[in-house]
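The values are calculated or read from the model by the stated rules, or taken from the named source; none is laboratory data. Note that the structure is a prediction, hence the values are computed from the model and not measured. Cβ placement follows ideal geometry from the backbone for every residue including glycine, while neighbour counts extend to all protein chains displayed. Accessible surface is based on the protein model in full, side chains and every heavy atom, while ligands, DNA and RNA are left aside. Shrake-Rupley method; radii C 1.70, N 1.55, O 1.52, S 1.80 Å.
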Amino acid sequence: MPKIVGVLAVQGDFKEHIETLNEIEGVEARAVKTRAQIAACDALVIPGGESTTIGKLMERFELDLPVREMHEQGKPIWGTCAGMIILAKEIVESDQWRLGLMDITVERNAFGRQVDSFEADLPVAGIDGGPVRAVFIRAPYVREVCEECGVEVLAQVEGRIVLCRQGKLLAGAFHPELTDDRRVQEMFVAMIDD
Ligand code: GLN
């Protein structure tokens with residue numbers, strides 16, 4: 001039986017996530033945008049895009065309900081970029097809607113407006129074989145994590161946290177779906193069974 005990985009498809013770059021996840025053996029990635037479709041998955045990706053828009057749509061269609069249920073059942077959830085903002089408990093200077101599942105404080109557009117996007121080679125804890133090429137696009141970063149809550153920092157750039165994990169939750173500021181390297185996707189898929 002393949003592992004069903006849902007990619008939340010209300011807004012953002014969900015197509016790229018589906019394509020790259022489908023390259024991994026044993027994975028069937030699919031677009032999900034209804035409560036029933038989300039509930040049928042073994043894991044969920046919340047993609048990059050515009051976090052206020054994704055949040056509004058999740059709220060309007062009550063998509064948080066099946067996502068919270070997945071979380072309670074121990075199914076992994078990975079938020080990239082806007083998806084990371086949606087997962088966070090605290091967002092600096094914003095009261096926008098969020099799931100608030102992860103004990104982290106994020107800051108939006110944190111690398112400055114003049115540097116809209118950039119790339120970096122990131123050593124990632126738990127990923128062997130050299131650094132991961134990371135693409136940042138109007139990226140947030142994690143300003144603070146609650147270590148006592150079990151949040152582990154996996155990667156940083158310029159001293160700023162850009163990848164972290166708390167139990168079955170993974171949050172990243174960059175876009176592994178836009179490079180040829182599948183090691184972050186593989187790490188996430190491995191979380192289904194561990
Ligand atoms: N800046 C966007 C936001 O705040 C995130 C950018 C992205 O997902 N590439 O939602």
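Which of (1) under 14 Å from the mean Cα position of the chain (by Cα); (2) within 19 Å of S117 (Cβ to Cβ); (3) not hydrophobic (A, V, I, L, M, F, W, C) does R165 not meet, given it meets every other one?
Failing condition for R165: (2).
Take region 81-94 and flag every residue that is near the ligand (Cβ under 8 Å from one of its atoms) and at positive phi.
Correct list: C81 only.
So if I check each of I24, I18, I85, I54, which one is of a type in the set (A, V, I, L, M), closer than 15 Å to P176 by Cα, modelled with pLDDT of 95 or more and under 15 Å from the mean Cα position of the chain (by Cα)?
Every option except I18 fails the conditions.
Looking at region 16-53 only, could you name the residues that are outside any loop (DSSP other than H, G, I, E, B), under 30 Å from D95 (Cβ atoms), out of contact with any Cys (no Cβ under 8 Å at 6 or more places or on another chain) and among the β-branched types (V, I, T)?
Within region 16-53, I38, V45, I46, T52, T53 meet the criteria.
Take the residues in region 83-97 that are surrounded by fewer than 24 Cβ atoms within 10 Å (Cβ to Cβ) and of a type outside the set (S, T, N, Q), then tell me which one is nearest to R60 (Cα to Cα).
Only one residue fits best here, namely W97.
Could you please tell me which pairs satisfy a Cβ distance under 6 Å, a separation of 6+ or placement on different chains, a first residue in region 170-194 that is within 14 Å of the ligand (Cβ to nearest atom), and a second residue that is among the charged types (D, E, K, R) and in a helix (DSSP H, G or I)?
Sorted first by the residue in region 170-194, then by its partner, the pairs are E177/E16.
So in region 178-194, with the set limited to residues that are closer than 17 Å to A82 by Cβ and within 11 Å of the chain's Cα centre (by Cα), which one is surrounded by the fewest Cβ atoms within 10 Å (Cβ to Cβ)?
The qualifying residue surrounded by the fewest Cβ atoms within 10 Å (Cβ to Cβ) is F188.
Of all residues in region 60-80, which are open to solvent by 10 Å² or more (accessible area, probe 1.4 Å) and either in a loop (DSSP other than H, G, I, E, B) or within 15 Å of the ligand (Cβ to nearest atom) (or both)?
The answer is F61, E62, Q73, G74, K75.
Give the residue that is surrounded by the most Cβ atoms within 10 Å (Cβ to Cβ), with candidates limited to residues of region 121-133 that are touching a residue at least 12 places away in the same chain (Cβ under 8 Å) and not in a strand (DSSP E or B).
For region 121-133, the residue satisfying everything is V124.
Return the only residue of F111, F136, F118 being within 15 Å of the ligand (Cβ to nearest atom), of a type outside the set (D, E, K, R), more than 26 Å from D193 (Cβ to Cβ) and in a loop (DSSP other than H, G, I, E, B).
Numbers: F136 fails: in a loop (DSSP other than H, G, I, E, B); F118 fails: in a loop (DSSP other than H, G, I, E, B).
Sole residue among the options that is within 15 Å of the ligand (Cβ to nearest atom), of a type outside the set (D, E, K, R), more than 26 Å from D193 (Cβ to Cβ) and in a loop (DSSP other than H, G, I, E, B): F111.
If I filter region 142-153 for residues that are more than 25 Å from A43 (Cα to Cα), in contact with a strand residue (DSSP E or B) (Cβ under 7 Å, 6 or more places away or on another chain) and surrounded by fewer than 21 Cβ atoms within 10 Å (Cβ to Cβ), do I get at least one hit?
Checking region 142-153: at least one residue is more than 25 Å from A43 (Cα to Cα), in contact with a strand residue (DSSP E or B) (Cβ under 7 Å, 6 or more places away or on another chain) and surrounded by fewer than 21 Cβ atoms within 10 Å (Cβ to Cβ).
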